[in-house]
Amino acid sequence: MTEREKVVTGPLSQVNLLEPLLTVDNVCKDFSLNDGKKFPVLKNLSFSIKNIQNKPQIVSILGPSGIGKTTILRIIAALERPTSGHILITEDEPNKMRDVKLGDVGVVFQKYPLFDDLSVLDNLVQPGIRIAKLDAKVAREQALQYLDKFELFKQSLYWPVQLSGGQRQRVAILQQLMTNKHFIILDEPFSGLDPVSITNVINLIKNIANQHTLNTFIIITHDITSALTVSDTIYLLGREVDEKGEALPGARIMKEYDLISEGLAYLPDIEEKARFAEIRKEIKLDIFPRL
Amino acid sequence: MDSNIEITSTKEKTSPLLEAFRVYGEVSTFVRSNLIAIWVLLFLGLWLLSVALRKSMAETMTSTELLDNWLYNLVRPFPSPSEVTTALYNMWAKHQLLSHVWSTLKLNVIGLIYSSIISLVISYLSVIPIFKPFNSFVKLLRYIPFIGFTLIFFSLFTIGWPTKVAMLTTGMTFFLVTSMTDVINSIPRMKYELAKVLGYNDWQVFYNVVVRPTLPQMIDMVAQNAAIGWIMITSIETYSRNEKGIGTQLYAYYSTNNLPEVYALLLIIGFIALLEDSLFSFLKRFLFPYSVIAERG
């Protein structure tokens, strides 16, 4: 039994192997420039997040700064519409999909916005009541359990302005969990953190992902090492190059790293594996500089 | 630590007085209170000095010389503190001062309540695109001279209390809508998006992102507008001079050159403004404690 299987508490009996949960289908996104011309940011972007034995999973979309990662986030979360293409999300029935709509996918934004006029506890309880339709008492109990598990119990009655950056990040993630969403996108969760804090965030994400088998985390990041350490699958975002070696506009998925079949996923000592170093080097020295 | 090592403290030492002159200088509560006292004393000192100067110049110079003297013209309007105190006592004892103050205060509070409610509705509705042009139109009206509205009010209401309330409410609403809409416009887009990705519907976004979190700032705006109201109120009250009010009294005393009474009334307005400011500040701290913590950083 793997490390992850030990902690998963969800229904392992309902296994649907490799059933697509979220599909990004041929998505293009153009932005209008001041001179009226169109600038393609995303071009024929396609990938699919599939169910892995009904377990939680962590998928990273990795790419250098300015390539369009946040645009992908906004399109997947239905905050923006693609110029063409579809984002399809699974319905309750297997293999039945529909277009994504606002509220289907949770987002933990980079600056961790919270409702500043609500206590930390109420920031968790309110979405539980309003969105997950939990009974007030149940929502409160669940929120307190989360806060206790993630060392925020003492801060339950604090105002968000009284929290540190790390505490705020945890509350923002837990707030999304309270809505019982299947997908949660984390926008640059490792940005601006020191190595120790990065390790803490990686452990936090793994820990939270394991709270329920239905959780799927999509991490948008430019941090190669962290993405490799935390993910099951990595989609490398990049641009095609012309004959002169110059990048053409419009990002798309250049490569997929399936860390499960590579035998790297779920390993606590992943960073010591030779294949880990190889992949990191490949991305860092070979692929990233060309993007 | 090696005891042979000589340590020289490079910590900058500044006196509390010097700190008071530095940008963002850190002064204790004791120093801060004393600084307020110093300013009050300075104000009183300057007042007494100008009165003494006026008297001395009046005694030593001829009328023609006084007319051309800029210093005399500068200090001439200031009555002495004792003259102001006497005027205050006379107005209280003989001229129903309290009744005039009550009338103006009532007008100020009622105008403030009406304008706050109207402005809150107009500015909150600005987040709904169809109402945005109406909001912009109301904001533009603050440039229109007051006289433009008086005829409308005179034809709509009887001259007197209803007209005064309508004029004050309208005047304050134009400014309140402008400042309240600015507060709403400053809500970061990320806050709207957070509510949307959580799955909140339009009304939930409206209440949780637009209405509830901006209430503390709205109190600030109302407090600021209460002050604007006091500026308007004195001129509004002069439209019906046979009624009670500080404005009518100010006009009457000013036209008859009773400057001690004028300054006494101005002091009363200052005192009421101080009370109103303290009340709004207390309300904000009491109802929205997080906003005070956020402001302190």
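Residue-by-condition table, conditions (1) within 14 Å of chain B (Cβ to nearest Cβ); (2) surrounded by fewer than 16 Cβ atoms within 10 Å (Cβ to Cβ); (3) at pLDDT 90 or above:
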| position | (1), (2), (3) |
| --- | --- |
| A:106 | yes, no, yes |
| A:110 | yes, no, no |
| A:118 | yes, no, yes |
| A:127 | yes, no, yes |
| A:131 | yes, no, no |
| A:134 | yes, no, yes |
| A:137 | no, yes, yes |
| A:144 | no, no, yes |
| A:160 | yes, no, yes |
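Residues in the stretch B:264-282: is at least one more than 30 Å from residue B:215 (Cα to Cα), over 14 Å from the mean Cα position of the chain (by Cα), buried (at least 18 other Cβ atoms within 10 Å of the Cβ) and in the same structural domain as residue B:216 (by TED's automatic domain parsing)?
yes
If you go through the stretch B:179-199 one residue at a time, how many are surrounded by fewer than 19 Cβ atoms within 10 Å (Cβ to Cβ) and more than 10 Å from every other protein chain (Cβ to nearest Cβ)?
The qualifying residues number 5.
Among the candidates B:88, B:46, which residue alone is at pLDDT 85 or above and not assigned by TED's automatic domain parsing to the domain that holds residue B:248?
Working: B:88 fails: not assigned by TED's automatic domain parsing to the domain that holds residue B:248.
None of the other options fit; the residue is B:46.
Scan the stretch B:200-241 residue by residue and report those that are outside any helix (DSSP H, G or I) and buried (at least 19 other Cβ atoms within 10 Å of the Cβ).
Restricting attention to the stretch B:200-241, the residues satisfying the condition of being outside any helix (DSSP H, G or I) are B:200-201, B:241.
The one that is outside any helix (DSSP H, G or I) and buried (at least 19 other Cβ atoms within 10 Å of the Cβ): B:200.
Go through B:60, B:104, B:64, B:8 for me and flag whichever is in the same structural domain as residue B:165 (by TED's automatic domain parsing) and either more than 24 Å from the chain's Cα centre (by Cα) or of a type outside the set (Phe, Trp, Tyr) (or both). Outline the logic, then answer.
Details: B:60 fails: in the same structural domain as residue B:165 (by TED's automatic domain parsing); B:64 fails: in the same structural domain as residue B:165 (by TED's automatic domain parsing); B:8 fails: in the same structural domain as residue B:165 (by TED's automatic domain parsing).
Going through B:60, B:104, B:64, B:8 in turn, the sole match is B:104.
One line per residue, one yes/no per condition, for (1) modelled with pLDDT under 90; (2) touching a Leu at 6+ places or on another chain (Cβ under 7 Å):
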residue: A:192; (1), (2): yes, no
residue: A:195; (1), (2): yes, no
residue: A:198; (1), (2): yes, no
residue: A:203; (1), (2): yes, no
residue: A:207; (1), (2): yes, no
residue: A:211; (1), (2): yes, yes
residue: A:214; (1), (2): yes, no
residue: A:220; (1), (2): no, yes
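Could you please let me know if residue A:283 is assigned to a helix (DSSP H, G or I), surrounded by 13 or more Cβ atoms within 10 Å (Cβ to Cβ) and touching a residue at least 40 places away in the same chain (Cβ under 8 Å)?
On the way: assigned to a helix (DSSP H, G or I): yes; surrounded by 13 or more Cβ atoms within 10 Å (Cβ to Cβ): yes; touching a residue at least 40 places away in the same chain (Cβ under 8 Å): yes.
For residue A:283, the condition - assigned to a helix (DSSP H, G or I), surrounded by 13 or more Cβ atoms within 10 Å (Cβ to Cβ) and touching a residue at least 40 places away in the same chain (Cβ under 8 Å) - is met.
Only one of these conditions is not met by residue B:261: (1) surrounded by 19 or more Cβ atoms within 10 Å (Cβ to Cβ); (2) over 23 Å from residue B:116 (Cα atoms); (3) modelled with pLDDT under 90. Which number is it?
Tallying (1) surrounded by 19 or more Cβ atoms within 10 Å (Cβ to Cβ); (2) over 23 Å from residue B:116 (Cα atoms); (3) modelled with pLDDT under 90, residue B:261 fails exactly one: (3).
Hey, does the stretch A:127-135 have a residue that's touching a strand residue (DSSP E or B) at 6+ places or on another chain (Cβ under 7 Å) and either outside the structural domain of residue A:79 (by TED's automatic domain parsing) or hydrophobic (A, V, I, L, M, F, W, C) (or both)?
Taking the stretch A:127-135 as the starting set, the residues that turn out to be touching a strand residue (DSSP E or B) at 6+ places or on another chain (Cβ under 7 Å) are none.
No: zero hits.
Could you list, in sequence order, all residues of the stretch B:253-272 that are free of Cβ contacts under 8 Å to residues at least 60 places away in the same chain and not in a helix (DSSP H, G or I)?
If the condition is that a residue be free of Cβ contacts under 8 Å to residues at least 60 places away in the same chain and not in a helix (DSSP H, G or I), then B:256, B:257 are the ones that fit.
Hey, which of the strands (runs of 3 or more DSSP E) in the stretch A:22-113, taking only ones fully inside, have at least 3 residues that are within 22 Å of residue A:209 (Cβ to Cβ)?
Numbers: elements: A:38-50, A:57-62, A:84-90, A:97-99, A:105-108.
So the answer is A:38-50, A:57-62, A:84-90, A:105-108.
What do you reckon, is residue A:197 touching a helix residue (DSSP H, G or I) at 6+ places or on another chain (Cβ under 8 Å), polar (S, T, N, Q) and surrounded by fewer than 22 Cβ atoms within 10 Å (Cβ to Cβ)?
Yes: the conditions hold for residue A:197.
Those residues that are polar (S, T, N, Q) and either in contact (Cβ under 8 Å) with a residue 60 or more places away in the chain or within 16 Å of residue B:128 (Cβ to Cβ) (or both), I need them from the stretch B:168-207; list them, please. Lay out the reasoning, then the answer.
Pass one, the stretch B:168-207, residues polar (S, T, N, Q): B:169-170, B:173, B:178-179, B:181, B:185-186, B:201, B:204.
Within the stretch B:168-207, B:181, B:185, B:201, B:204 meet the criteria.
Take residue A:265 and tell me if it is part of a strand (DSSP E or B) and surrounded by 13 or more Cβ atoms within 10 Å (Cβ to Cβ).
On the way: part of a strand (DSSP E or B): no; surrounded by 13 or more Cβ atoms within 10 Å (Cβ to Cβ): yes.
No: the conditions fail for residue A:265.
Only residues that are touching a residue at least 12 places away in the same chain (Cβ under 8 Å), within 14 Å of chain A (Cβ to nearest Cβ) and either assigned to a helix (DSSP H, G or I) or more than 24 Å from residue B:225 (Cβ to Cβ) (or both): list them for the stretch B:273-289, please. First the steps, then the outcome.
Looking only at the stretch B:273-289, we keep the residues that are touching a residue at least 12 places away in the same chain (Cβ under 8 Å), and these are B:273, B:276-277, B:280-281, B:283-284, B:287-288.
Subsequent filtering for residues that are within 14 Å of chain A (Cβ to nearest Cβ) retains B:284, B:287-288.
Those that are touching a residue at least 12 places away in the same chain (Cβ under 8 Å), within 14 Å of chain A (Cβ to nearest Cβ) and either assigned to a helix (DSSP H, G or I) or more than 24 Å from residue B:225 (Cβ to Cβ) (or both): B:284, B:287.
The values are calculated or read from the model by the stated rules, or taken from the named source; none is laboratory data. Being a predicted model, the structure only gives us computed values, none of them experimental. With ideal geometry, Cβ positions are generated from the backbone for all residues, glycine too; neighbour counts draw on all protein chains shown.
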